[in-house]
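Each remark here refers to the structure printed beneath this line.
The values are calculated or read from the model by the stated rules, or taken from the named source; none is laboratory data. From a predicted model like this one, the values you see are computed outputs, not experimental measurements. Here the Cβ is made from the backbone with ideal geometry for all residues, glycine too, and neighbour counts use every protein chain on show.
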Amino acid sequence: MSGYGNRHKTGVRLYLLGAACVYAAEPPMPDIPPELVEQIAAAVAAKMGGGASQGPPMAYLLERWADAHRQLKSFDCDYKRGLFVLAWAPTEGPYAAVPLGERPAMSLSPVDVDLYRAWCSKGRITRRKAKPSPALVNREVMMLKRPLNFAVSRRTIPYNPIEGIGDLDEKNIREVVIEEEGFAAIVEAMGPDERTIAFTTLAYDSGARETEILLAAWPWLEPDRWRMHIPAAVAKNGTQRITDLSERAWKACTALPRHVRSQLIFPAPDGGPANVRWIYEQFHRAVLASGVRGRNGEVPVFHDLRRSWITLARRRGVSESVIMAKSGHKDHAVFRRYSIVEEKDLEEARLRMESGRALELAALWERRRGPLSVSPTSALTSVEKKTRGSL
């Protein structure tokens, strides 16, 4: 059994079972013949002193999960996360310096997850030169659970040894809504960069996701109705949908020059999809220069444009079902996280309640009073009748 290898610019290279697994865009580990599984498990278990009953190595389970789930849209990212986690080795305990990928499946325990989380919070620095977020750690731990759950479903192991471990509190619920005034300030701070302005305007006025806009092509646009068709193959939820475009978004996009070899609206120089970091960096610079902030002082991020579109659509009277159809949300719980309720919404609700109450009371009074008589005197008040009688 080989240990795990050194670090390369392409990512963490993991050598397990005599094959190289790369945490980057390289071919996956070759298939392991089934007849070798028991030998591998026995060799690893003997090395760890646990016996063959502890099951096959984690690297083998990850490959079996991968073989059955390559059709997932998130497969590449999930698989790389799984390789990264399996390359990690604890620095203490009975399995110190042994990568998780070489460990028998049933030798894992919640202690290993705790040690991994502790390493992430204390000694790990990501590519962004910061500690990993709780959301990232949760997704990586998830890629420990998935192969184990898959192995249980295939009767490879009796149970998941880390079942029941909860997620870290991500605390990532944002409540930033960019109003029209703030959006105008951000666009102004972008200067003459028409490409960035068009990308940002399309996101703000359509509610589309970043990836959907990066892959947006000219044939998706419907010129006579100012609409954009998002194919099911690109949509996150796998369902085709149509979203409307504002006049300013339409003009900003159609004013851009077209690539001679690409149908993309925002292509890279080689004609392929542009790197998402381009828009993130440009948008972040413009936000800092504009001084726009959320109600809690948060600096807006690009995804807040989608959240703002949903919130503003609700304020403008669009029904929730229509907004969900245009934004591509299927889960009401997720949708509600995007629909932010602010103080102005509460005040508007109060005024609407008072106005509605007044109209209902007026109608009720009209019904109780009955229709007015045609006789002029019947409409007189009791005071007026007494006054007239004394004359």
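Taken as a whole, the condition of being under 26 Å from GLN282 (Cβ atoms) and either among the aliphatic types (A, V, I, L, M) or not in a helix (DSSP H, G or I) (or both) applies to ALA208.
The sole residue among GLY164, GLY207 that is within 30 Å of SER107 (Cα to Cα) and small (Gly, Ala, Ser) is GLY164. From the list HIS259, HIS229, HIS284, the one residue that fits, being in the same structural domain as ILE323 (by TED's automatic domain parsing), more than 30 Å from GLN71 (Cβ to Cβ), within 21 Å of the chain's Cα centre (by Cα) and not small (Gly, Ala, Ser), is HIS284.
Okay, residues lined up against (1) polar (S, T, N, Q); (2) crowded, with 16+ Cβ neighbours inside 10 Å; (3) under 28 Å from VAL292 (Cβ atoms); (4) within 22 Å of the chain's Cα centre (by Cα):
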{"site": "ARG127", "(1), (2), (3), (4)": "no, no, yes, yes"}
{"site": "ARG139", "(1), (2), (3), (4)": "no, yes, no, yes"}
{"site": "LEU144", "(1), (2), (3), (4)": "no, yes, no, yes"}
{"site": "GLY182", "(1), (2), (3), (4)": "no, yes, yes, no"}
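Selection of segment 313-365 for residues being part of a loop (DSSP other than H, G, I, E, B), among the hydroxyl-bearing types (Ser, Thr, Tyr) and at pLDDT below 80 yields only SER339. Just to be sure before I move on: is ALA135 free of Cβ contacts under 8 Å to residues at least 24 places away in the same chain, assigned to a helix (DSSP H, G or I) and surrounded by fewer than 17 Cβ atoms within 10 Å (Cβ to Cβ) in the structure I sent? Taking the combined requirement at face value, the residue does not satisfy it.
For segment 266-310, the tally of residues that are part of a helix (DSSP H, G or I), within 21 Å of THR211 (Cβ to Cβ) and not aliphatic (A, V, I, L, M) stands at 12. Mind checking whether some residue in segment 247-254 is assigned to a loop (DSSP other than H, G, I, E, B) and either modelled with pLDDT under 90 or not acidic (Asp, Glu) (or both)? Within segment 247-254 (the criterion being assigned to a loop (DSSP other than H, G, I, E, B) and either modelled with pLDDT under 90 or not acidic (Asp, Glu) (or both)), the answer is no, since none of the residues qualifies.
For segment 254-312, what are the residues that are within 24 Å of ALA217 (Cβ to Cβ), exposed (fewer than 12 other Cβ atoms within 10 Å of the Cβ) and without any contact (Cβ under 8 Å) to a residue 24 or more places away in the chain? If the condition is that a residue be within 24 Å of ALA217 (Cβ to Cβ), exposed (fewer than 12 other Cβ atoms within 10 Å of the Cβ) and without any contact (Cβ under 8 Å) to a residue 24 or more places away in the chain, then PRO257, VAL260, ARG261, PRO269, ASP270, ASN275, ARG277 are the ones that fit. Checked against (1) more than 29 Å from GLU281 (Cα to Cα); (2) over 25 Å from the mean Cα position of the chain (by Cα); (3) not small (Gly, Ala, Ser), LYS122 passes all but a single condition, namely (1).
Per-residue answers, yes or no, for (1) hydrophobic (A, V, I, L, M, F, W, C); (2) under 21 Å from ARG307 (Cα atoms); (3) not assigned by TED's automatic domain parsing to the domain that holds LEU312:
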{"position": "ASN149", "(1), (2), (3)": "no, no, yes"}
{"position": "PRO161", "(1), (2), (3)": "no, no, yes"}
{"position": "GLY164", "(1), (2), (3)": "no, no, yes"}
{"position": "LEU168", "(1), (2), (3)": "yes, no, yes"}
{"position": "LYS171", "(1), (2), (3)": "no, yes, yes"}
{"position": "VAL187", "(1), (2), (3)": "yes, yes, no"}
{"position": "ARG195", "(1), (2), (3)": "no, no, no"}
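Restricting attention to segment 169-177, does a residue exist that is in a loop (DSSP other than H, G, I, E, B) and either farther than 30 Å from HIS329 by Cβ or small (Gly, Ala, Ser) (or both)? Checked against the condition, which is being in a loop (DSSP other than H, G, I, E, B) and either farther than 30 Å from HIS329 by Cβ or small (Gly, Ala, Ser) (or both), segment 169-177 yields no hits at all. Taking into account only those residues within segment 75-110 that are under 20 Å from ALA151 (Cβ atoms) and without any contact (Cβ under 8 Å) to a residue 40 or more places away in the chain, which is surrounded by the fewest Cβ atoms within 10 Å (Cβ to Cβ)? Looking at residues that are under 20 Å from ALA151 (Cβ atoms) and without any contact (Cβ under 8 Å) to a residue 40 or more places away in the chain, I get PHE75. SER109: modelled with pLDDT under 90 and either out of contact with any strand residue (DSSP E or B) (no Cβ under 8 Å at 6 or more places or on another chain) or under 22 Å from ILE157 (Cα atoms) (or both), yes or no? No: the conditions fail for SER109.
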